[in-house]
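Please read the structure below before turning to the comments.
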Amino acid sequence: MLLLAPLTGNLAPVGQALVNAAKLAFPANSSPALDIRDTGGTPQGAAAAAQAGLAAGDGIIIGPLTSAETQAVAPIAHSASVTVLAFTNDGTVAAPGVWPLGITPAQQVQRVMQVAANAGRTQLAALLPDNDFGHHLSDAITAETAQLGEPAAQITFYQPGFSGVNQAVEQISDFANRGQSVMDQIKQAQDLGTAAGREKANELRHQQIPPPSFNALFIGATDPNTLAEMANFLPYYDVNPPQVQFLGPALWSNIAPQMANQSVLVGAMYAAPDPAAAATFVGKYQAAYGAAPPAIADVAFDAAAMARLAAGQGGYTADVLTAPAGFTGTNGLLALRPDGTVKRGLAVFSIAAGQPAITSPAPTSLNQP
């Protein structure tokens, strides 16, 4: 059983955590043995390590870490008819026999959009960073709206910084057509400098601005500063709950308490693993190594445990690995599909004071609707 991890180079600390986690799935003197090989964190290193491991007779590959490394290893594994349980969360590397086990943007988007759709939030817009992560989210949103039979989402990409975020929020809000005319009328009335003008301006301030053309907004920002800027701009351009339900990515779980300080973001929803599912693994890792595991370590543990389980059930075949019931992993249920995609049972949380609240619990079966 071949484990590929970066044990040298910039990613060496991450690689060591991956190895530590995988070892927890293997009791002492267990069989098959875990063949650990260093990728150096590069595609070339991963390819060389994969070739060496397969030449030594390894029957499955656990890892490598990154998308680029996985792309380098995939054709080598395919030629040898060996499956790959990769650690990356880049769903684009998925292919028959190659499963990315990281939590992908598509898995996050699918779950939270389904919960939103069940609540009648079927007109979607999105504010996404203009980077690889944002474009992966965009692809997932486009695919999921089609899957749900919803109208195509209005997607706007933003550049980092105050002006870039402001411009994107203003654009997606369509405030120029919805509310700018009212604002202009208020200014004209105030400029009269008369009692009648002031009275007219006050009347206009109470005039209802039409709601946006969407009732759900997926926000792809994952850093507190950008989210704080959006929390100011969205109400300014009259994009507010309850008319609009805010949605976001799983990384919000890392900053949920900070987000709760922005009142407009309270109630925003995101899909992520239920931390309760990983409690046993976290305790086991901490007891063994004296420190809490980094986030990626749970993926390595799951990959090793699944491979070891498959070895005891007839080998690393697609039939064993793609059993419809799936596996119970450290992040909840997951099932490997024959095309290389992975289905996950994520919970849906909403931003609340203190800790986020579970809006929709993780499913107990991946076969339920």
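How much length is gained if the chain between A279 and Q159 is pulled fully straight, taking 0.36 nm per residue apart and subtracting their Cα-Cα distance, in nm to one decimal?
39.4 nm is the gain from fully extending A279 to Q159.
Test of understanding: ordering R308, R344 by Cβ neighbours within 10 Å, fewest first, what list do you get?
R308, R344
Only counting other Cβ atoms within 10 Å, I'd like D90, D58, D191 sorted with the fewest neighbours first.
With the fewest neighbours first, D90, D58, D191 line up as D191, D90, D58.
So, R0 is 22 Å and r is the distance between the beta-carbons of S81 and A28; what FRET efficiency does that work out to, to 0.05? Mind showing how you got there, number by number?
Details: r = 31 Å, r/R0 = 1.39.
After rounding, the FRET efficiency stands at 0.10.
Can you list the residues, at least 5 places off or on another chain, whose amide H is less than 5 Å from the amide H of L217, using H built in the peptide plane?
Answer set, sorted by chain and number: A125, Q245, F246, L247.
Please compute the length gained on full extension between D339 and Q114, using 0.36 nm multiplied by the number of residues separating them and subtracting their Cα-Cα distance.
78.8 nm
Scan around F157 for amide H atoms under 5 Å from its own, H built in the peptide plane at 1.01 Å from N, and keep only partners 5 or more places away or cross-chain.
Answer set, sorted by chain and number: L128.
Within a 10 angstrom radius of the beta carbon, how do T8, T280 rank from fewest other beta carbons to most?
The most exposed by this proxy come first: T280, T8.
Of the DSSP beta bridges with both residues in the chain, give the percent that are antiparallel, rounding to the nearest 5.
Values: 14 of 40 bridges.
Around 35 percent of the beta bridges assigned by DSSP in the chain are antiparallel ones.
How large is Rg over Rh for the chain, taking Rg from the Cα atoms and Rh as the Kirkwood inverse mean of 1/r across Cα pairs?
Radius of gyration over Kirkwood radius for the chain works out to 1.08.
Excluding residues on the same chain fewer than 8 positions from K343, give the aspartates and glutamates whose Cα lies under 18 Å from its Cα.
Filter leaves D90, D139, E144, D274, D298, D302, D319.
State, to one decimal in nm, how far the label point of N367 lies from the label point of N240, with both points 7 Å from Cα in the Cβ direction.
About 4.8 nm separates the two model spin labels.
Report the local net charge at A153: Lys and Arg +1, Asp and Glu -1, summed over other residues whose C-beta lies under 15 Å from its C-beta.
Around A153, the charge tally is -3.
From Cα pairs below 8 angstrom and at least 6 apart in sequence, can you work out the relative contact order of the chain, rounded to a whole percent?
Relative contact order here is 17 percent.
What 222 nm value per residue comes from the helices of the chain, counting each DSSP H run with n ≥ 4 as -39,500 (n - 2.57) and dividing by all residues, nearest 500 deg cm²/dmol? Please report the intermediate quantities before stating the final value.
On the way: 14 runs with 156 residues, N = 369.
Result for the chain, helices only: -13000 deg cm²/dmol.
Throughout, read-outs are computed from the coordinates displayed, never taken from laboratory work. Predicted model only: the values in this text are computed from it and were never measured. For neighbour counting, all protein chains shown are included, and Cβ atoms are generated from backbone atoms with ideal geometry for every residue, glycine included.
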